[in-house]
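Notes for the one structure printed next.
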Amino acid sequence: MNVNVAILAAGLGTRMRSRRAKVLHRAGGLTLVEHVIEAARGVAPPDRMVVVTGHQAERVERQLAPLGVRFARQPQPRGTGDALACCRPLLEGEAGGLLMVLYGDTPLLSAATLLRLRDEQAKSDAAATLITTTLDDPSGYGRVLVDSAGNATMIVEDKACTPEQKRIRVINSGIYCFRADLLWRYLGEIRPDPVSGEVYLTDMAAILTARGHRVRVMHLDDPRELLGINTRVELAEADRILRARKARELMLSGVTIEGPETVWIDARVRVGMDTVIEPSVRLLGDTEIGEDCRIGAGAIIESSRLGAGVWVKPYTLISESTVEPRAEIGPFARLRMDAQIGQEARVGNFVEVKKSRLGAGAKSQHLAYLGDARIGERVNVGAGTITCNYDGERKHQTEIGDGAFIGSNATLVAPVRIGEASYVGAGSVITEAVPDGALALGRGRQVVKQGWVAKKRGRSGDPPPE
Ligand code: UD1
Ligand code: CA
């Protein structure tokens with residue numbers, strides 16, 4: 001049976017107190033609405049999903065366009081019923097199947113639950129099935145009134161509840177599966193709420209019932225999936241749950257996580273088997289980490305790719321970079337903006353690498369800045385080496401051939417090329433090319449004055465300098 005999905009994401013999100021649209025706030029490394037789309041993939045491909053946008057529509061659409069979903073615009077936030085009506089031109093033509101309606105602010109929803117909802121609706125003769133749960137504190141949610149047969153007859157919004165209705169703890173999750181033909185036939189019958197002026201989709205329960213149809217209830221015992229995010233307090237709660245879920249999923253797939261409650265792993269991150277993640281690590285964006293790696297405590301890795309057997313030592317920052325198998329990075333190292341570290345290379349403490357490649361087996365173990373450089377295989381970069389890549393206007397390249405040895409505290413003024421298997425003496429300032437196999441020295445020659453101290457003392461009678 002055809003299933004289309006409408007995701008309502010046009011609201012203002014007033015209770016977030018934010019300039020940013022609510023559905024664009026992030027939890028677990030994705031925007032709220034991206035999580036909803038992710039769950040909806042369980043029942044429909046993205047081209048069968050319509051996201052209703054309105055508030056900050058361009059920003060929301062820009063964020064979601066790469067996922068392949070379609071969009072409908074709601075010109076004014078006139079309520080959830082009005083928002084759904086905006087999908088009519090895109091979806092009504094396919095009245096044969098089911099229409100699942102989701103809200104863009106329920107990020108904990110799982111694909112399994114939506115599949116169950118689809119199946120329950122498909123096998124029933126009801127006009128719709130809606131997901132409910134029972135909450136200790138139902139405030140803020142619509143309350144669901146059920147008849148003796150267990151069908152929903154009416155949903156009353158929190159604001160409109162009588163004191164007696166307020167005590168009902170069965171709430172509307174905002175997740176529905178409608179028979180599309182009946183939905184489109186009756187959607188226009190919803191009247192604006194006399195107080196708020198909004199068109200509440202929840203009125204469909206009473207309308208369908210009045211028209212002689214049944215609205216079934218699918219009750220979930222565990223309410224956690226259904227948390228709707230209206231405030232930043234709820235946002236933090238969703239974030240915590242999503243991260244715990246991600247850590248658990250990785251552990252079950254063979255990743256050791258020491259202190260899973262302390263790590264921070266975004267939804268799209270992939271980690272290979274037998275990798276060990278130490279406490280307080282953050283793995284962000286679309287990072288991919290190979291098998292048998294060790295990620296040291298406090299490391300932050302964003303949008304980067306690490307091969308198998310890489311050892312990232314504590315307090316290392318890696319962003320938008322690539323590390324090839326068995327390389328060792330850190331502690332306290334920083335790779336950024338397309339640093340590429342070759343196999344078994346080593347980058348040690350207080351070394352910053354930017355837009356540079358370090359060949360296989362190369363080493364830069366202490367205190368260096370390597371920017372805009374191509375560094376060959378097995379090169380040894382001494383402590384304190386600096387590539388002077390910027391002349392105040394433009395960036396320039398440094399090239400270091402395979403097997404070269406750069407002495408400590410060398411200053412390489414780019415553009416410059418250091419030949420293969422050459423040596424640069426410690427403390428040199430190198431401004432000209434060094435041929436293959438040469439030794440380059442670019443520093444003041446040491447002068448030794450024998451007996452200088454005694455002579456100075458004889459002249460002035462001063463005590464010798466200490
Ligand atoms: C809604 C339900 C409530 C349910 C709760 C579950 C209605 C009237 N109420 O309340 O019964 O218990 O969700 O979380 O549906 N939106 C639009 N256009 C609008 C208004 C809202 O697209 O004009 C979108 C919002 O972006 C949001 C979703 O619809 O993603 C829900 O809106 P929200 O204002 O959060 O509804 P609630 O008051 O939480
Ligand atoms: Ca809500």
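Rule-based calculations on the coordinates, nothing more; no lab input. Because the structure is a prediction, the values reported are computed rather than measured. Heads up, the Cβs are rebuilt from the backbone with ideal geometry, glycines too, and the neighbour counts pull from every protein chain shown.
Counting only DSSP H runs of at least 4 residues, each contributing -39500 (n - 2.57), and dividing by the residue count of the chain, the helix-based mean residue ellipticity at 222 nm comes to -5500 deg cm²/dmol.
Near residue 348, the amide H atoms lying under 5 Å from its own belong to 330, 364, 365, 366; only residues 5 or more places off or on other chains count, and H is placed 1.01 Å from N. Taking every DSSP beta bridge that has both residues in the chain, what percent is antiparallel when rounded to the nearest 5? The answer is about 20 percent antiparallel. The residues neighbouring residue 200, those whose beta-carbon lies less than 14 Å from its own, together hold a net charge of -3 under the Lys/Arg +1, Asp/Glu -1 convention. Across the stretch 148-162, coupling constants 3J(HN,Hα) worked out from phi with the 6.51/-1.76/1.60 Karplus curve, θ = phi - 60°, read 5, 7, x, 8, 6, 10, 6, 10, 10, 5, 3, 4, 9, 5, 6 Hz, and Gly and Pro carry x.
Computed extension gain for residue 19 through residue 420, at 0.36 nm per residue and net of the alpha carbon distance, reaches 138.8 nm. With the Cα gyration tensor of the stretch 385-447 giving a ≥ b ≥ c as the square roots of its eigenvalues, does the rule (a/c under 1.5 for rounded; else a/b larger than b/c for prolate; else oblate) give rounded, prolate or oblate? It is oblate, given that a/c is not under 1.5 and a/b is not larger than b/c. Each Cα pair under 8 Å and six or more residues apart adds its sequence gap; the mean of these over the residue count of the stretch 3-226 is a relative contact order of 24 percent.
Which lysines does residue 395 reach when only Cα atoms under 16 Å apart count, and residues fewer than 8 places away in its own chain are ignored? Cross-link targets: 354, 355. Computed from backbone phi, the HN-Hα couplings of the stretch 378-389 come to 6, 5, 10, 9, x, 4, x, 5, 10, 8, 8, 8 Hz, rounded to whole numbers (Karplus: 6.51 cos²θ - 1.76 cosθ + 1.60, θ = phi - 60°; Gly and Pro given as x).
As an exercise, take the mean of 1/r over every pair of distinct alpha carbons in the chain, invert it, and state the Kirkwood radius in angstroms. Answer for the chain: a Kirkwood hydrodynamic radius of 26.3 Å. A cut-off of 5 Å between modelled amide H atoms, ignoring neighbours fewer than 5 places along the same chain, links residue 323 with 305, 306, 307, 341.
Please compare each pair in 22/123; 22/159; 313/363 to a cut-off of 24 Å on the Cα-Cα distance and tell me which ones are over it.
Violating the 24 Å limit, Cα to Cα: 22/123.
Scanning residues 5 or more positions from residue 217 or on other chains, those with amide H under 5 Å from its amide H are 130, 152, with H placed 1.01 Å from N in the peptide plane. Placing +1 on each Lys and Arg Cβ and -1 on each Asp and Glu Cβ, with no other charges, gives the stretch 245-440 a dipole about its Cα centre of roughly 280 debye. Considering the dipole of the stretch 3-226 built from charges on the beta carbon (Lys and Arg +1, Asp and Glu -1) around the Cα centre, which of 66, 195, 80 is farthest to its positive end? Result: 66, furthest along the dipole toward the positive end. Compute the acute angle (0 to 90°) between the alpha-carbon long axis of helix 111-123 and the principal axis of greatest extent of the alpha-carbon atoms of the chain; round to the nearest 10°. Around 20 degrees separate the two axes.
Residue-wise HN-Hα couplings along the stretch 192-200, as the Karplus relation 6.51 cos²θ - 1.76 cosθ + 1.60 with θ = phi - 60° gives them from phi, are x, 4, x, 8, 8, x, 7, 9, 8 Hz; Gly and Pro carry x.
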